[in-house]
Amino acid sequence: MGNPLSSGNDLNVGIIGCGKIVEQYLTNFRRLESINLVAVSDLDSSRAQAVADSYDGVRAVSVEELLAANDIDLVLNLTIPAAHAEIALKAIAAGKSVYGEKPLAATTSEARQVLEAARTAGVVVGCAPDTVLGTGIQTARKAIDDGLIGAPVSATATMATPGHERWHPNPDFYYQPGGGPLLDMGPYYVSALVTLLGPVVSVVGAASHTRNERTIGSGPREGQQVPVAIDSHVTGVLVHASGALSTLFMSFDAVKTKSPNIEIHGEKGSLVVPDPNHFDGEVQLFALGAEDWETLPVSAGYVDSGRGFGIADLATTPAGQEPRAGGELAFHALEVMESVLESATSGKAVSIGSTAHRPAVVPLTELATAVRA
Ligand SMILES: NC(=O)c1ccc[n+]([C@@H]2O[C@H](COP(=O)([O-])OP(=O)(O)OC[C@H]3O[C@@H](n4cnc5c(N)ncnc54)[C@H](O)[C@@H]3O)[C@@H](O)[C@H]2O)c1
């Protein structure tokens, strides 16, 4: 396989949903030779027009026009989670592959329909997060594969924040079903844990919340109260098929954590893994018998990457093979998260019906391309 970040496997992309996150994709598409952005659309046509005005050769169209276009291979779905399945299903029905922002859909029942429709239509489903393809998680993955910590026994994954209402002007959805710390931030952590330790076979969960209202901290609604309908502190234990146990701590009810985002422990060493919501960061090893932590050299992953690199990676995945940032992993991560919440309600362990292949390590890959207007 050639460098997936170079031309030769060009993919014509149309974006549906031009909100806050679109800018990060545009920045990276300008750097990725293999991605040809051709059209954009949004329910709010002025947002699509603003993107088209800023990117050479891109047209703003209606959602229907974009779905019907003959020059689009893949629809990039950057709508809100509640619309992910509906847009993905329409794109698949129009014969197009899809890559969506996380989560794959609001529920596993919707996500299953997306994967089944794609299988029937013979198109590809990809899904964020592609952060796990960056040098941070990939260097940690290579260290595990190279046996630096021996067989992994356990992991901790920690995300602590006092709540997004402190900075987000419209934080309502974070505190409604489908929101909460696990479904919002968990895709990064669970995808990383599966990438590092393999699929999950069962989970137990427990959850709580501190208050029934949150106060908006910025913007025109500053001072307004937002009702809380979900648990804002979620913990869980994931039992991996390998036997390793991961402990999750995802909270909108804490202030900060000094401990690393992810730690992996094996009999021969412990590994500090950087923030899975970022593409890079230091990986540190404390080997059995060593006197201190050592920072490992960067050894795998897309160098200096960002949101959208998962699509360039998908573009070179051989036909019939699951992409690294693929629907299978995204579905598995969603089922794990849904099951942790189910267990927190029932008080019982929940078996995970789906599985996912541990995606192949990304060789250390540099971008060698020009920046477009
Ligand atoms: N904002 C972030 O920092 C961030 C970071 C990582 C991932 N994400 C993910 O990206 C996705 C989008 O987030 P965002 O912050 O850009 O949201 P946003 O609300 O700013 O933008 C979403 C856009 O989608 C459009 N839209 C919604 N439904 C649509 C439909 N049916 N058809 C066409 N357009 C539709 C909206 O008009 C809006 O412009 C979410 O899944 C989110 O989890 C966001």
Output the number of residues of the stretch 99-136 satisfying the condition of being in a loop (DSSP other than H, G, I, E, B), more than 14 Å from the ligand (Cβ to nearest atom) and touching a Ser or Thr at 6+ places or on another chain (Cβ under 7 Å). 2
Of Asp172, Asp145, Asp184, which residue is of a type in the set (D, E, K, R) and either free of Cβ contacts under 8 Å to residues at least 24 places away in the same chain or touching a Phe, Trp or Tyr at 6+ places or on another chain (Cβ under 6 Å) (or both)? Asp184
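Among the residues that make up the stretch 341-350, is at least one of them in contact with a Lys or Arg (Cβ under 9 Å, 6 or more places away or on another chain), at pLDDT 95 or above and not in a loop (DSSP other than H, G, I, E, B)?
Step one: list which residues in the stretch 341-350 are in contact with a Lys or Arg (Cβ under 9 Å, 6 or more places away or on another chain), which gives 342.
Within this subset, residues satisfying the condition of being at pLDDT 95 or above are 342.
Retained after the next criterion (residues that are not in a loop (DSSP other than H, G, I, E, B)): 342.
Checked against the condition, which is being in contact with a Lys or Arg (Cβ under 9 Å, 6 or more places away or on another chain), at pLDDT 95 or above and not in a loop (DSSP other than H, G, I, E, B), the stretch 341-350 yields at least one hit.
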Cβ pairs under 9 Å, 6+ apart, first in the stretch 102-115 and over 20 Å from Leu76 (Cβ atoms), second away from the ligand (no atom under 14 Å from the Cβ) and part of a helix (DSSP H, G or I): Thr107/Glu338; Thr108/Phe331; Thr108/Glu335; Thr108/Glu338; Thr108/Ser339; Arg112/Phe331
Name the pairs whose Cβ atoms lie under 7 Å apart, with the first residue in the stretch 236-252 and closer than 17 Å to Thr355 by Cβ and in the same structural domain as Pro276 (by TED's automatic domain parsing), the second part of a loop (DSSP other than H, G, I, E, B) and at pLDDT 95 or above, and 6 or more positions between them or separate chains? His240/Gly198; His240/Pro199; Ala241/Gly198; Ala241/Pro199; Ser242/Gly198
Evaluate the following for Leu66: is it outside any helix (DSSP H, G or I) and within 11 Å of the ligand (Cβ to nearest atom)? no
Quick one: Ser191 ticks every box in (1) more than 13 Å from the ligand (Cβ to nearest atom); (2) buried (at least 24 other Cβ atoms within 10 Å of the Cβ) bar one, so which box is it? (1)
Could you give every pair whose Cβ atoms fall below 6 Å, whose first residue belongs to the stretch 74-91 and is under 13 Å from Val114 (Cβ atoms), and whose second residue is more than 6 Å from the ligand (Cβ to nearest atom) and among the hydroxyl-bearing types (Ser, Thr, Tyr), counting only separations of at least 6 or pairs across chains? none
Is there a residue in the stretch 217-224 that is away from the ligand (no atom under 15 Å from the Cβ), over 28 Å from Ala105 (Cβ atoms), surrounded by fewer than 23 Cβ atoms within 10 Å (Cβ to Cβ) and of a type in the set (Asp, Glu)? yes
Taking the stretch 78-98 and keeping residues surrounded by fewer than 17 Cβ atoms within 10 Å (Cβ to Cβ), modelled with pLDDT of 95 or more and in a helix (DSSP H, G or I) leaves Glu86, Ala93
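The values are calculated or read from the model by the stated rules, or taken from the named source; none is laboratory data. Since this is a predicted model, take the numbers as computed values, not measurements. Heads up, the Cβs are rebuilt from the backbone with ideal geometry, glycines too, and the neighbour counts pull from every protein chain shown.
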